[in-house]
Every structure is written in structure tokens, then in C-alpha cells.
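In what follows, a single structure is set out as C-alpha cells and then discussed.
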Amino acid sequence: MNLKYRKTIIAGNWKMNKTLTETRAFAEAIKPNLGRHKWCEVVLCVPSVNVSGSVKLFKDTRVSIGGESCHYEASGAYTGEVTVEMLKDVGAKYVIIGHSERRQYYNETDFTVNKKVHAALEAGLRPIICVGESLEQRELGVTQELISYQVKVALAGLSDHQVRRAIIAYEPIWAIGTGKTATAQQAGEVCTHIRSIIRKEHGARIARAVTIQYGGSMNAKNAAELLAQPDIDGGLIGGASLKPDDFLTIINAANQ
Ligand code: 13P
């Protein structure tokens, strides 16, 4: 973390979990214990059907709500999809774009990610852009090249101001939902590399202002060590964000 130049953002990615009734129980459990997290923003990205209800449940708290995906078109014949305006209109502030599960199961590519990032920023939503390598790619030694490519394509055509509002989440695919976390050093190295790419493309002032998260089996036990890395400015948390006590512990680790 580097509190001088950028915000720490702890975000839960609930994936396809929790009904609105379960979300209410979660909100009741964490609201009294949220405290005043001055340095750290807290976000919950929830299934699109629950965005509106979650915004109401977390009204008057410091928790912002986000979507988990969006389409890049403004409207049209795309059964099952939601637009950025729809998310914005019901009170979402963030949207996850290009999660590896979307890339794997729903054919998202770096080029659709780029279109979605433009759409989100134009609508005033902050995109949480996911990048990350598979185990095979890591073992082949192409992690840095792959991450450079993913970041460059995701941010292509954005203004400096827009890049500042984007959040990059480094999520090694082999660490997602596996209980196998990247070591703090491995995660820190890639996040430093991501910032160096942004520096080359957009300059030092913008690069140091961008929030870069780590995601992949981040939990109550390892959060503090990961967040101690200078270029890790938060987390995108799956499993552990579903449990109120674990999520609160991670938020507190970011508030130290
Ligand atoms: P886990 O924290 O469950 O590994 O999931 C990480 C993730 O995919 C967040 O987007």
C-alpha cells in the first residue's frame, strides 16, 4: 500500500453467491463493525439481480456496491446481459471487468474487456479490470509478457484521467478458489510490473495514483502480508468475502 498517493480498495467478488435475503443477514453482521475506514474503500460486487437491493441495504455506510460484469453496448438484443447505465442507474459505483471466469466460460477477450472498460468509465462507473496468468503460462516464464499485453489492451485509448479511475486486479488463475495464494513476493512483483507498464504508457504521476489489487485466495490470515507490499493497494476477494468476520479482518488489515 502507499497511502500517500492512492486509495486502498478492499472489494468482495461474490460471484454466483448469496440471495438478497442472505445479503441482508451479511449486512446486519458487518454494519456495526465497519468502523471508520478512512484510508480504505470497501466494495461488494454482487450478482446483477441483487445490485439494487444491496445498494439499499448498505445505504449510509461506507460500503459501495458494484456489478460483476456488464455489456459494452448501450442497449440491444443481448439476452441476459446488463448495460453500464443499468448498473449506474440502480446505484452501482464499480464493475468487475474481464474476470478469468468470464474469460474462460463466456468468451471474454482482451478486446471485449477494452470496450467494456470504455463503456464503464464513460458511464461514470469505476472498472475493476482483472488480469492474470495460468499455471502453465507462469511455468513457461511468460507471466510478465502476458500481463503487459493484457494491461495495454485493457487500457488502450483511455485518457490519463480515465486511467486514474481504473483499478487493476492481478489475479493469477492458479490461485483463484484453490487455497493456493501467490506468495507476497510473487504477487508484489507482478503488481510492481503492472505499475511500470502504466508508467511507460501514461507517465509517473498517473501510474502512482492507480490502485492495483491482488486477488486469489486472499484471506483473513494472509491479507496483512500481501497488503504490506508497496504496489499492492487492496484485494479482490472471493470466498473470504462471503464470511462477515473474515471480510472485516481483511478490511482491518488494510486500515493499519
Ligand atoms: P478466491 O478469493 O475465492 O480465490 O477468488 C478470488 C477471485 O476470483 C476474486 O475475483
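The values are calculated or read from the model by the stated rules, or taken from the named source; none is laboratory data. None of these values were measured; they are calculated from a predicted model. All Cβ positions, even for glycine, are placed from backbone atoms using ideal geometry, and neighbour counts span all protein chains on display. When the accessible area is computed, the model is the full protein with side chains, heavy atoms only, and any ligands, DNA or RNA have been set aside. Shrake-Rupley method; radii C 1.70, N 1.55, O 1.52, S 1.80 Å.
Observations on the structure shown:
- Cα-based shape type of region 1-85, given that a ≥ b ≥ c are square roots of the gyration tensor eigenvalues and the cut on a/c is 1.5: oblate
- At a probe radius of 1.4 angstrom, the accessible area of region 196-251 per residue rounds to 38 square angstrom.
- Tensor-based shape of the chain (alpha-carbon gyration tensor, a/c under 1.5 rounded, otherwise prolate or oblate): rounded
- Note on Thr19: accessible area approximately 70 square angstrom, rounded to 10, probe 1.4 Å, nucleic acids and ligands left out.
- Radius 10 Å from Cβ of Arg199, net charge of other residues (Lys, Arg +1; Asp, Glu -1): +3
- Overall shape: oblate for region 98-207, with the ratio a/c of the largest to smallest alpha carbon gyration tensor axis at 1.5 or above and b/c at least equal to a/b.
- The chain, helix-only ellipticity at 222 nm - DSSP H runs n ≥ 4, -39,500 (n - 2.57), divided by all residues, nearest 500: -12000 deg cm²/dmol
- Looking at region 159-256, the trypsin sites (Lys or Arg not before Pro) that sit in a DSSP loop and have at most 13 other Cβ atoms within 10 Å of their own Cβ are Lys180, Lys221.
- When a 1.4 Å probe is rolled over the protein heavy atoms, the share of accessible surface on region 115-249 that falls to carbon and sulfur comes to 51 percent.
- Distance between the C-alpha centres of region 24-67 and region 99-147: 25 Å, rounded to the whole angstrom.
- Cα centre as origin, Lys/Arg/Asp/Glu Cβ charges: region 1-48 dipole, Debye: 260 debye
- Based on protein heavy atoms only, region 1-130 ends up with 50 Å² per residue of surface accessible to a 1.4 Å probe.
- Chain lengthening between Thr79 and Ser159 when straightened (0.36 nm per residue, less Cα-Cα): 25.7 nm
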